[in-house]
Amino acid sequence: MTATTPQPSATELWEIINREITGIQLLWEAVDGLYFQPQGKGLATLGQDAPLFFRLMQTAFIESLLMRVSRLMDPANSGRREGERPNLSLKRLVEKDSRICLDEKAIRAIWDGSGLKTVRDKYLSHNDLNRALKEAHTLNIPLETADIEAMQALASGLRELRRSVNHKLTGTAYLDERLDVQVQHELRVLSKSLLGGEQFFTLLPDHEFLQRAWQEAGHE
């Protein structure tokens with residue numbers, strides 16, 4: 001007889017999903033701060049001086065963010081036979097504890113009301129040969145303003161879901177570490193660093209002490 005893998009309890013499953021939600025929150029703050037909010041002068045300079053790299057970062061962030069969110073929206077099981085492959089998803093958590101059914105429905109309503117699933121299925125889930133033959137190849141996922149707004153709503157919705165579900169499953173309030181604040185801070189530091197570098201190279205030709213510092217750092 002083949003031994004079956006023990007299935008995690010609702011609380012154990014929630015611990016893993018909670019970490020997934022944290023990853024989504026951090027990715028959203030990075031994307032939002034880099035591309036959708038007014039940028040500091042240093043970040044704007046990065047977009048001007050290294051436009052291809054800047055857009056490649058955006059593509060990587062967006063793809064990861066969209067795939068992570070969409071995985072949470074997967075059914076409880078996948079495969080040809082029901083229950084063949086269990087998924088780490090909110091639906092599976094509902095199966096473990098029905099008390100979070102309304103929380104799951106609220107976040108799913110945002111997902112279902114957006115076009116993000118269509119974008120995921122069309123551009124990320126598989127390489128559709130017919131589409132590739134008909135459309136010009138691009139590295140960027142085509143996103144509309146409504147798609148970005150839906151991502152923001154999902155990030156906010158998942159934060160609220162985490163607070164509600166954590167209380168229901170553990171009986172305690174969720175202490176939000178607000179790691180997104182750290183991301184925001186680091187983006188400001190990055191912007192200032194880039195701006196400082198730009199000013200350094202602007203002043204370098206006319207200041208001997210800067211030239212000496214540059215040489216002492218091992219540069220010619």
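The values are calculated or read from the model by the stated rules, or taken from the named source; none is laboratory data. Predicted model, so just to flag it, every value in this text is computed and none were measured. Cβ atoms come from the backbone with ideal geometry, glycine included; neighbour counts cover every protein chain shown. Note: areas computed on protein heavy atoms with side chains; ligands, DNA, RNA excluded. Shrake-Rupley method; radii C 1.70, N 1.55, O 1.52, S 1.80 Å.
Just a few scattered comments:
- Residue with peak Gaussian network fluctuation, the chain [Cα springs, cutoff 10 Å], from PRO205, PRO75, PRO86: PRO205
- In this rough spin-label picture, where each label sits 7 Å from Cα along the Cβ direction, the HIS167-LEU88 distance is 2.7 nm.
- Angle of helix 10-31 to the longest C-alpha principal axis of the chain, folded into 0 to 90 degrees and rounded to 10: 30°.
- Separation of the alpha carbons by more than 27 angstrom is noted, of LYS91/LYS134; LYS117/LYS192; LYS96/LYS117; LYS122/LYS192, for LYS91/LYS134; LYS117/LYS192; LYS122/LYS192.
- Amide H contacts of SER78 (H built 1.01 Å from N, under 5 Å, at least 5 apart or other chain): GLY83, GLU84, ARG85, ASN87
- Placing dummy labels 7 Å off each Cα toward the beta-carbon, the span from GLU177 to GLU15 is 1.5 nm.
- Integer Hz, Karplus 6.51/-1.76/1.60 couplings in order for the stretch 146-161, x for Gly and Pro: 4, 5, 5, 5, 5, 4, 5, 5, 5, 4, 5, x, 5, 5, 5, 4
- With every protein chain in place, the chain: carbon and sulfur % of accessible area (1.4 Å): 54
- Rolling a 1.4 angstrom probe over the protein heavy atoms with all chains in place gives the chain an accessible area of 63 Å² per residue.
- Between GLN152 and PHE53, the FRET efficiency estimated from the beta carbon spacing at R0 = 35 angstrom works out to 0.90.
- If you run the Gaussian network model on the chain, springs between alpha carbon atoms under 10 Å, then out of ALA132, ALA60, ALA173 the most flexible one is ALA132.
- In a fully extended conformation the segment linking LEU129 and SER78 would gain 16.0 nm over its present Cα-Cα distance, using 0.36 nm per residue.
- Mean sequence separation of contacting Cα pairs (under 8 Å, at least six apart), scaled by the length of the chain, corresponds to a relative contact order of 28 percent.
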